[in-house]
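These notes concern the structure reproduced below.
No value in this document is a laboratory result; all are computed from the given coordinates. Values in this document were obtained by computation on a predicted structure and should not be read as measured data. Heads up, the Cβs are rebuilt from the backbone with ideal geometry, glycines too, and the neighbour counts pull from every protein chain shown.
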Amino acid sequence: MRIKGKNPPAGRRNRIARRSWAALLVAAALLVPAARPAIAGGAECFIQSTADKVFAFYGNENTDERRAKAFREVLTGTFELRTIARFTLGRYWRVATADQRREYRRLFEDFLVLAYANRFRDLSGVKLRVATVLTINKRDKLVRSEVDPGGGRPPIRIDWRVRETKQGLRIVDVIVDGISMGVTQRDQFAAAIRSAGGKVDGLLTMLRDKTAPRQ
């Protein structure tokens, strides 16, 4: 329980800051146009090429609208969104109706765009290096990388679970310092559904509210 008026311990603050900062990098990496030659070169090249090219985008002046548009285009071309959307809905996918599933997938994409498209303003001087690639199964590779945030801060480990699909390589999960972003999002969505009495409509209402155009 957090005591009002007191700050969390330094260790916890550091972990929260590292995860938040790493989320900025993950969001920024999505703004790189999809590279077909990198896919041909395998999972390592797929991730490293994305990281190498993304920083060119930071030097350009871009509006929020352009960032969101670029983010959406690359998000749909780089991540296996249908798989991720189903995973993050967890056991509630089985009880959701076909209409609920369709709306959820649409809202989930909008939610990711609005949540991450503009989170890349503090990434000057950042470098990512692929350390190794592990084989998980016939379809999946785990690309392990480290990010040097500069400024004397310790490196951040980011692991990318990359899957071979009919459309080419796609990212199905991102693990930051051992914490799966997919699992984290699933837990948050499950909590929203439980608070609505176990109804999927409770999550849909929350996502509609978060993605509605602001006046």
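Counting neighbouring beta carbons within 10 Å and listing from fewest to most, the residues Trp160, Trp93 come out as Trp93, Trp160.
Ordered by the count of other Cβ atoms within 10 Å of each Cβ, fewest first, Tyr104, Tyr92 give Tyr92, Tyr104. Residue ranges 191-198, 169-176 sort as 169-176, 191-198 when ordered by packing (mean number of other C-beta atoms within 10 Å per residue, highest first). Full extension of the segment from Lys166 to Ala192, taken as 0.36 nm per residue of separation minus the current Cα-Cα distance, would add 6.0 nm. The slack between Arg157 and Arg129, meaning 0.36 nm per residue of separation minus the straight C-alpha distance, is 9.1 nm. Ranked by how many other Cβ atoms sit within 10 Å of their own Cβ, fewest first, the residues Glu146, Glu80 fall in the order Glu146, Glu80. Shape class of the stretch 157-201 from the alpha-carbon gyration tensor: oblate, with a/c at 1.5 or above and b/c at least as large as a/b.
Site pair Asn137 and Glu73 shows an inter-label distance of 3.4 nm when each label is modelled 7 Å from Cα along Cα→Cβ.
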